[in-house]
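First the structure, in the form of structure tokens, and then the observations on it.
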Amino acid sequence: MNHLAHTFLAPDSPEARVGSILGDFCRGVRLTELPERVLLGVRHHRAVDAFTDQHREVLASKQLFSSQRRRFAGVALDILYDHYLLRHWYRFSPADHRGFVCGVYRELTNHERVMPTAMVNVTRRMVQHDWFGAYEDFENIGYALDRVASRIRFANQFAGIIEEIRANDEQLEARFLRFFPELLAFAAAEAASLSAQS
């Protein structure tokens, strides 16, 4: 899952939401030195990713991509799922999505002290350029994926993957809508379990 979905699914505290993004920036981080609730978010992130990677609807969605792009399908779906979450926000939350996003941006800004430098750099750009807001626009998903492709250090055919997403949007969306409620239930149970252990 990508950053917006992780914060949406995270245990309900600012520190855990920050930790849910920190889960992608753990290289070189001494996890045992993190505040307890931030570490809770990191652990939750890992559990959500493991559940997602094994889910039948996600695995089936990856098969919709061409063979030359399939190795990048997981990355594409991560970002696409943030778009689908925004597209169907009110199926999953009674809260206003802009209010939620703005709250996450404030939390990220207020908790930079627990972030490694790489995460600070990314989250500042995220807030400054309103990445989550941009994900509402389908075309911006294509731009985001092409930026990811440009950072891959070996020859690849990832750029332009939005065309395959566009061609399969209906199926990908339907599979997301079957998958995400199950992920929501798992994430809530996992948050309760991790909180009970801490």
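Overview of values
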read-out: Residue satisfying all of: in the stretch 126-136; surrounded by 13 or more Cβ atoms within 10 Å (Cβ to Cβ) and out of contact with any His (no Cβ under 6 Å at 6 or more places or on another chain); nearest to residue 168 (Cα to Cα) among these; value: 136
read-out: Total residues in the stretch 134-190, condition of a type in the set (Val, Ile, Thr) and at pLDDT 85 or above; value: 4
read-out: Among (1) of a type in the set (Phe, Trp, Tyr); (2) without any contact (Cβ under 8 Å) to a residue 12 or more places away in the chain; (3) not in a helix (DSSP H, G or I) - the single one residue 90 does not satisfy; value: (3)
read-out: Some residue of the stretch 26-38 being in contact (Cβ under 8 Å) with a residue 40 or more places away in the chain, part of a helix (DSSP H, G or I) and among the small types (Gly, Ala, Ser); value: no
read-out: Any chance residue 123 is surrounded by 14 or more Cβ atoms within 10 Å (Cβ to Cβ), among the β-branched types (Val, Ile, Thr) and at negative phi; value: yes
read-out: Tally, over the stretch 40-85, of residues that are surrounded by 20 or more Cβ atoms within 10 Å (Cβ to Cβ), among the aliphatic types (A, V, I, L, M) and closer than 28 Å to residue 194 by Cα; value: 8
read-out: Selection count, the stretch 170-198, where residues are under 12 Å from residue 77 (Cβ atoms) and without any contact (Cβ under 8 Å) to a residue 60 or more places away in the chain; value: 0
read-out: Any chance residue 5 is in contact with a helix residue (DSSP H, G or I) (Cβ under 8 Å, 6 or more places away or on another chain), in contact (Cβ under 8 Å) with a residue 40 or more places away in the chain and closer than 14 Å to residue 187 by Cα; value: yes
read-out: Flag for residue 113 being within 19 Å of residue 42 (Cα to Cα), surrounded by fewer than 20 Cβ atoms within 10 Å (Cβ to Cβ) and either touching a residue at least 24 places away in the same chain (Cβ under 8 Å) or basic (Lys, Arg) (or both); value: yes
read-out: Matching residues in the stretch 1-25 - criterion: being part of a loop (DSSP other than H, G, I, E, B) and over 19 Å from residue 193 (Cβ atoms); value: 2, 24, 25
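The values are calculated or read from the model by the stated rules, or taken from the named source; none is laboratory data. Model, not experiment: these values are computed from the prediction. Virtual Cβ from ideal backbone geometry, glycine too; neighbours counted across all protein chains shown.
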